Amino acid sequence: MYDRFILHNVKHVDGEEIDIVIEDGRIVGITPVGQGIQTPSQPDNGVTASDRLGVPSPSLSVDGITVYDGQGDYVSSGWIDMHVHAFPEFDPYGDEIDEIGVKQGVTTIVDAGSCGADRIVDLARSSQEAMTNLFAFLNISRIGLKRVDELSNLEWIDRGKVLASVDTLCDVIVGLKARISSSVVGGNGIKPLQTARRLSSETELPLMVHIGSAPPDITEVIPLLERKDIITHYLNGKKNNLFNEQGQPLQVLVDAIARGVHLDVGHGTASFSFKVAEAAKQFGIAPNTISTDIYRGNRLNGPVYSMANVLSKFLLLGYPLEQIIAAVTTNAAEWLGRPDLGRIRIGDAANLTLFSLEQESAILTDSEGEQRTTNQFIKAKGVYTNGTFIKCEVRA
Ligand SMILES: [Zn+2]
C-alpha cells in the first residue's frame, strides 16, 4: 500500500495558500487550496491520528492517506541552522541532534566545529540514527570542543588529520571552523587563523570563523577572510565587535562584505546584542544566515531557547518575514550547494517546516541580558522530513 500524506491549507510566506501532496516521502502535487485535492471523508466512528508517525491532530487517516489540516499556518522548505553544537559528549557545548533539529522545526543542522579530526567520525555516525540531517564544519584543532581553548596549543592543529577527515567525510564536512578569540587561542594571536587559511586552500573548503574578544584584534582577523568564508557571531556586543561606538560598521566589515564574505548570526549564550543588531539593521548590514549556536545550556535556560525564538528577534528588529525565512532556507541551502534543501518542488524529497506567526506579546532577551517586548512571534509547528511528519513541542 502506498503512503500518501496531504498537508492541507498551508501558505507560503508570500501568502499563497496551497495544499502539498506527498507520496512515499516525495512531493507529487502542489495545488492552490480548494482545487483538486481529494480528501477522504470523515468516518462516523471518529478519527485516530497515526501515533507511529507522530502525526498530530487535527489529522485524519483513511486507507493509507493521511490529511493534516495546516489551518492556514505557513510552510517553508525545512529550516537550516548553520551553527549548532550537536555532540552531546562535549560539555558545555553539546546537545542531542533531534532536540536542536526536528523537534524545533529545523530539518538540517550544521555542527559548527564541535569536533575536530579526533571525533568527527563519531559525530557523523551518530547523525545516522537521527531524523535531522547533519552537516559539519571540522574544527581545525583535532581535539575540537573537548576543551574550550582548543587553539591555545598549535600542536593540536594536525594538517594530516584534517586532510584525512575531509577525505573520508566529504559528504558531511562543508567547511573548516576556527574560533578566533582570546580565550580560545590563548597566546597564539592570529597564528591559528593563518594556519586555517592554508588548510582552507589545501582542502578547497571555506572557513567559518568565530569572532569574539581580543586579542587578536578584529581588524587583524577580518582581512584574512575570503569569498564564501563565514563570520559567525557578527552581531556580538563584545568590545572587539564589528561596529564602532556610533554603531557604524567598521571598514574591515564593509570590505569583507564586498569580497563576498558571508554574515551569520550564531546567537549563542554570549554573541547576540540587540544594540548591535539595531545598528546593523540601520546601516543595512543584514544577515545572510540566521543561526542559533544552540546547545543544551542555552536551549534550556536561554537566551537561545530555539530557532523560532531567535527568528522572532529579527521580526522585532523590523526584518520582513520573507527575508527572515530566506536566511534559514534558500540562503543557507545555496551556501551549502544544496538548492534542493531550500525549495518546495514536485519530484523532490519533501523537506518542510510548518510554522505560525502568533499575535501575542512575549519578552525576548539578548546575550547581554537586555530585554525587548514583542507583540508577535514565530512558532514552529511541525516538520516533514525523511518520510515522516513530526510535531514540534518546544516553546516558541
Ligand atoms: Zn558555537
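No lab work stands behind these numbers, since they all come straight from the coordinates. The shown structure was predicted, so the numbers you read here are calculated from the model rather than taken from an experiment. Every residue, glycine among them, receives a Cβ derived from its backbone with ideal geometry; neighbour counts consider all protein chains shown.
Here are the numbers for this structure:
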| item | result |
| --- | --- |
| Extension gain from LEU357 to GLU129, taking 0.36 nm per residue of separation minus the Cα-Cα distance | 78.9 nm |
| Size of electric dipole in the chain: Cβ of Lys, Arg +1 and of Asp, Glu -1, about Cα centre, debye, nearest 20 | 840 |
| Residue-averaged [θ]222 nm for the chain, counting only DSSP H segments that reach four residues, each worth -39500 (n - 2.57) | -6000 deg cm²/dmol |
| Sparse-neighbour loop sites [trypsin sites (Lys or Arg not before Pro); region 347-396; at most 16 other C-beta within 10 Å; DSSP] | ARG395 |
| Neighbour cut-off at most 11 other Cβ (10 Å), DSSP loop, GluC sites (Glu not before Pro), region 314-368 | GLU360 |
| Region 186-250: trypsin sites (Lys or Arg not before Pro) falling in loop per DSSP and having at most 12 other Cβ within 10 Å | ARG227, LYS239 |
| Simple spin-label estimate for ASP3 and GLN35 in nanometres, 7 Å along Cα-Cβ | 3.0 |
| If the convex hull is drawn through the Cα atoms of the chain, its volume per residue in Å³ | 133 |
| Above-threshold pairs, the threshold being 24 Å between Cα atoms, out of LYS177/LYS239; LYS191/LYS239; LYS313/LYS379; LYS313/LYS381; LYS177/LYS379; LYS103/LYS239 | LYS177/LYS379; LYS103/LYS239 |
| Dipole of the chain, positive end: most advanced residue of ASN241, ILE257, GLY187 [Cβ charges, Cα centre] | GLY187 |
| Relative contact order %, the chain, counting alpha carbon pairs below 8 Å whose residues are six or more apart | 18 |
| Length gained when the stretch GLN246-GLN371 is fully extended (0.36 nm per residue, less Cα-Cα span) | 42.9 nm |
| Ordering of 305-315, 8-18 by burial proxy (mean other Cβ atoms within 10 Å per residue, highest first) | 305-315, 8-18 |
| Computed over region 225-361: relative contact order in percent, which uses C-alpha pairs under 8 Å that are six or more apart | 19 |
| Nitroxide proxy distance, nm - points 7 Å out along Cα→Cβ at ASP122 and HIS12 | 4.5 |
| Qualifying aspartates and glutamates (Cα of each under 16 Å from Cα of LYS11; at least 8 residues distant if same chain) | ASP19, ASP69, ASP73, GLU322, GLU358 |
| Pairwise Cα inverse-distance average, inverted: Kirkwood Rh of region 194-343 (Å) | 15.8 |
